[in-house]
């Protein structure tokens with residue numbers, strides 16, 4: 001395959017100047033469109049002491065073109081990483097224990113009668129709790145996979161059938177599963193987005209935003225609470241509206257994160273609301289809005305220690321909140337990465353001091369953000385840049401990517417090595 005040969009040339013041309021055992025790396029799940037394109041996993045040298053800092057040092061293509069989307073938020077304990085191509089409705093399992101030789105272990109599609117996986121959460125028993133947005137009937141499979149060539153995401157006006165949760169092994173073999181359909185509510189447009197397992201109280205919390213951008217019906221203000229041990233759906237609750245200009249802050253529920261008490265959950269929304277969910281294990285959980293951010297389309301957050309770090313496209317950067325008092329979060333820092341950038345995905349390294357940020361918009365660059373866990377302050381790593389560039393960040397428009405490929409690289413999930 002032409003694209004594979006180009007990737008091999010790139011990998012051999014950019015060997016890092018320090019031993020692999022001494023280096024740190026970024027793994028970036030990305031793709032493109034046009035002649036010679038493919039979805040691929042890329043390894044980037046993320047060791048600041050290396051002469052090849054910020055350079056692509058290895059890649060492995062999947063041979064498919066779709067919409068590379070979510071990976072796990074961090075590398076698995078076995079150095080494996082699950083990643084979905086959302087429009088293709090397919091999961092890829094990568095072995096990344098040797099960063100210079102990333103390897104595809106397997107890939108799989110529908111599981112337990114559900115399609116279009118989105119979020120993967122590893123459990124202590126070695127299994128993976130996964131959200132699947134849709135039921136895998138013939139109409140859904142045909143209609144959605146017909147959009148697999150679109151890198152802009154799905155834009156299908158047809159609504160789909162509610163999916164569910166699946167506990168599976170990392171190769172896609174189901175252990176148990178359950179539908180997210182809840183006949184106790186009138187809203188039938190429930191599409192599992194992200195899930196947070198809470199084993200200590202035998203619960204899981206999932207959110208419901210539809211990744212089909214053509215869906216104008218689902219407002220996705222719903223959060224679902226499950227019994228983790230048998231995936232029984234216990235209840236579906238609506239996040240309450242915000243106020244004033246933020247009245248719709250409750251719509252498009254996104255990422256749930258467990259707070260320090262082990263029982264309370266923060267949930268962000270794509271309409272830039274931040275909600276506190278209390279009493280998850282009780283019959284009447286309570287959700288309240290505790291903060292709103294500017295604009296809309298707030299993307300993936302990180303919770304580290306007592307700090308909540310939020311991507312805010314309207315501000316072209318990140319905002320850090322001190323959440324020591326979960327009912328009254330307090331802004332302590334913000335950083336901008338450029339007026340032409342729209343941050344979406346972030347992940348933090350095992351030291352809690354470096355954040356990888358991908359950005360859409362005209363800039364289309366990948367950044368590393370330095371984070372100070374002592375005070376929550378952030379700064380852009382100016383050394384992580386293309387050779388000869390005056391701007392921080394790595395251009396995803398071709399400079400560090402396969403020669404002969406024309407067009408922008410579109411990244412999504414990105415994680416640090418251990």
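Throughout, read-outs are computed from the coordinates displayed, never taken from laboratory work. Predicted model only: the values in this text are computed from it and were never measured. Because the Cβ atoms are built from the backbone with ideal geometry, glycine has one as well, and the counts that use them run over all protein chains shown.
Short-range pairs are left out: with C-alpha atoms under 8 Å and at least six residues apart, the relative contact order of the chain is 13 percent. Put the Cα centre of the range 328-359 next to the Cα centre of the range 166-185 and the gap is 32 Å. Comparing 250, 78, 271 in a Gaussian network model of the chain, where Cα atoms under 10 Å apart are tied by springs, the biggest mean-square fluctuation is seen for 78.
What whole number of Å gives the distance from the Cα centroid of the range 103-135 to the Cα centroid of the range 23-92? Each part reduced to its Cα centre gives a spacing of 18 Å. For Cα extents along the principal axes in Å, the listed values are (1) 126, 48, 41; (2) 59, 50, 39; (3) 88, 51, 41; which was obtained by calculation from the structure presented? Of the listed options (1) 126, 48, 41; (2) 59, 50, 39; (3) 88, 51, 41, (2) comes from this structure. Among 109-118, 332-341, sorting by the average number of other beta carbon atoms lying within 10 angstrom of each residue, highest first, gives 109-118, 332-341. Arranged from fewest to most other beta-carbon atoms within 10 Å of their beta carbon, 225, 190 become 225, 190. Peptides 365-373, 40-48, 234-242 ranked from most to least packed give 40-48, 365-373, 234-242, packing being the mean of other C-beta atoms within 10 angstrom over each peptide's residues. Between the helical axis of 2-13 and the longest alpha-carbon principal axis of the chain there is an angle of about 70 degrees.
If R0 equals 22 Å, the separation of the Cβ atoms of residue 187 and residue 123 corresponds to a calculated FRET efficiency of about 0.15. Fully extending the segment from residue 100 to residue 391 would add 102.1 nm, taking 0.36 nm per residue of separation and subtracting the current Cα-Cα distance.
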